[in-house]
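The values are calculated or read from the model by the stated rules, or taken from the named source; none is laboratory data. None of these values were measured; they are calculated from a predicted model. Here the Cβ is made from the backbone with ideal geometry for all residues, glycine too, and neighbour counts use every protein chain on show.
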Amino acid sequence: MRIDKLLSNSGFGSRKEVKILLKSKAVEVNGETVRDPKFHVDENTDEISVAGEPVVYREFVYLMMNKPQGVISATEDRFDETVIDLLTEGEQRFEPFPVGRLDKDTEGLLLITNDGKLAHELLSPKKHVDKTYYAKIDSPVTDEDVEAFTQGVVLDDGYETKPAQLHILNSGAESEIELTITEGKFHQVKRMFESVGKQVVFLKRLSMGSLTLDDRLAPGKYRELSEEELDTIKQRK
Ligand code: URA
């Protein structure tokens with residue numbers, strides 16, 4: 001990897017800033033001063049230091065965000081703010097992306113990482129990773145709906161959903177529910193309720209696999225995953 005990329009990813013500023021740092025002769029690789037931004041280093045074996053301090057290289061970033069409404073879960077968008085726009089420049093240098101999509105008006109748990117392998121495993125339909133949502137529904141939710149979701153419902157495009165667990169928290173003119181699904185079809189929760197003649201009026205993802213939204217995170221806030229969260233999500237997927 002190029003030394004400028006490694007230093008930039010390790011928090012030493014933009015590529016431009018790193019170039020200035022290199023020019024100032026502050027950077028050493030295996031005891032030799034390196035000034036060329038294109039200089040190639042082996043991040044696993046080379047000893048790299050800046051102003052005499054060893055550089056601890058990290059390849060991946062793992063962030064848990066409480067996605068706010070009104071923000072798109074994509075890396076870029078011509079019109080709307082994206083979840084990546086909410087990150088610092090330093091975090092953006094890792095080129096992270098959201099793992100899966102939440103609708104613009106959906107809130108809640110979003111994992112943001114640059115670890116493509118983990119993202120693939122969490123999103124692979126073969127892995128059946130559970131996703132639990134909290135939702136408000138525009139009308140009473142019934143035991144028949146619970147049964148229908150357990151059996152699988154047919155969406156507007158003819159797709160039959162896999163068994164899903166529906167818990168009614170309260171049923172009334174505006175109901176509250178929790179729903180666990182193992183798939184990730186486009187607008188799946190909203191379309192499942194539409195199939196039983198009801199509308200989702202608020203949707204929030206609470207968990208994905210072993211990862212549960214930290215309820216101390218206000219919408220729009222995020223934090224790094226703990227070691228423990230990372231270990232369990234990597235093992236359990
Ligand atoms: N299901 C939906 O309908 N929307 C989401 O954002 C996530 C799941």
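A quick yes/no check of all residues on (1) among the small types (Gly, Ala, Ser); (2) within 11 Å of the ligand (Cβ to nearest atom):
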site	(1), (2)
Val196	no, no
Leu203	no, yes
Gly209	yes, no
Asp215	no, no
Gly220	yes, no
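For the residues Arg15, Arg35, Arg2, Arg58, the requirement of being in contact (Cβ under 8 Å) with a residue 12 or more places away in the chain, within 26 Å of Leu225 (Cα to Cα) and among the basic types (Lys, Arg) singles out Arg58. Within region 65-120, if we keep just the residues that are in a loop (DSSP other than H, G, I, E, B) and basic (Lys, Arg), the residue that is farthest from the ligand (Cβ to nearest atom) turns out to be Arg93. If only residues of region 160-194 that are over 26 Å from the mean Cα position of the chain (by Cα) and buried (at least 16 other Cβ atoms within 10 Å of the Cβ) are counted, the one that is farthest from Tyr133 (Cα to Cα) is Ser171. In region 141-168, the residues that are closer than 19 Å to His187 by Cβ form Cβ pairs under 6 Å with partners that are of a type in the set (Phe, Trp, Tyr), at six or more places apart or across chains, as follows: Ala164/Phe149; Leu166/Phe149. A residue that is polar (S, T, N, Q) and over 17 Å from the mean Cα position of the chain (by Cα) occurs somewhere in region 49-72. Consider region 45-88 and keep the residues that are over 22 Å from Gly116 (Cβ atoms) and acidic (Asp, Glu). The one that is modelled with the lowest pLDDT is Glu53.
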